[in-house]
Amino acid sequence: IDHIGLFVADAAKRADFYEKLLAPLGYVKKVAYPTAVCFANDEDGDGIWLESPKDGIRAVTVAFRAKTADAIKAFHEAGLAAGGTDNGKPGPRPNYGPGYYAAFVHDPDGNNIEAMLNDYQA
């Protein structure tokens, strides 16, 4: 697992709590936006995102590391075939960082399941 996203009432307000909570485990604040904050562990690079609800939806995000873009494409196809809904077709996500490639599927309960890799080169 690369990262997990938790929906909290207000990400900016909750950041202080999580900063103190996760510090003993080696997590530090890496990115902060008005509606999202990321904490990451420098040792292994895994992260946790705090996000403010979008359109009243509160669900969990889990991002799995993939080895190839083809695996991400297969993940997306399998998720849709199994009854999930599209939440982002496979492709580069330059707004997430250089080389970030991902696909997103909502499971039948609305959770956001992602497959991603950080070293994609077209």
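Just to be sure before I move on: is residue 79 touching a Ser or Thr at 6+ places or on another chain (Cβ under 7 Å) and closer than 15 Å to residue 112 by Cβ in the structure I sent?
Values: touching a Ser or Thr at 6+ places or on another chain (Cβ under 7 Å): no; closer than 15 Å to residue 112 by Cβ: yes.
So residue 79 fails the test.
Remark: residue 119 falls outside the filter, which requires a residue to be of a type outside the set (A, V, I, L, M, F, W, C) and under 15 Å from residue 1 (Cα atoms).
Being of a type in the set (Gly, Ala, Ser) and on the phi > 0 side of the Ramachandran plot is the filter here; which residues of segment 1-57 pass it? Once the filter is applied, which keeps residues that are of a type in the set (Gly, Ala, Ser) and on the phi > 0 side of the Ramachandran plot, segment 1-57 yields 26, 45, 56. Restricted to segment 8-122, the set of strands (runs of 3 or more DSSP E) holding at least 1 residues that are open to solvent by 70 Å² or more (accessible area, probe 1.4 Å) and touching a residue at least 24 places away in the same chain (Cβ under 8 Å) comprises 61-65, 85-92. Could you list, in sequence order, all residues of segment 3-16 that are over 23 Å from residue 109 (Cβ atoms) and at pLDDT 90 or above? Listed by number, the residues that qualify are 15, 16.
The values are calculated or read from the model by the stated rules, or taken from the named source; none is laboratory data. The model shown is predicted, which means the values in this text are computed figures rather than measured ones. Quick reminder, even Gly has a Cβ in these numbers, built from the backbone with ideal geometry, and neighbours come from all protein chains shown. Remember, those area values only see protein heavy atoms, side chains included, never the ligands or the DNA or RNA. Shrake-Rupley method; radii C 1.70, N 1.55, O 1.52, S 1.80 Å.
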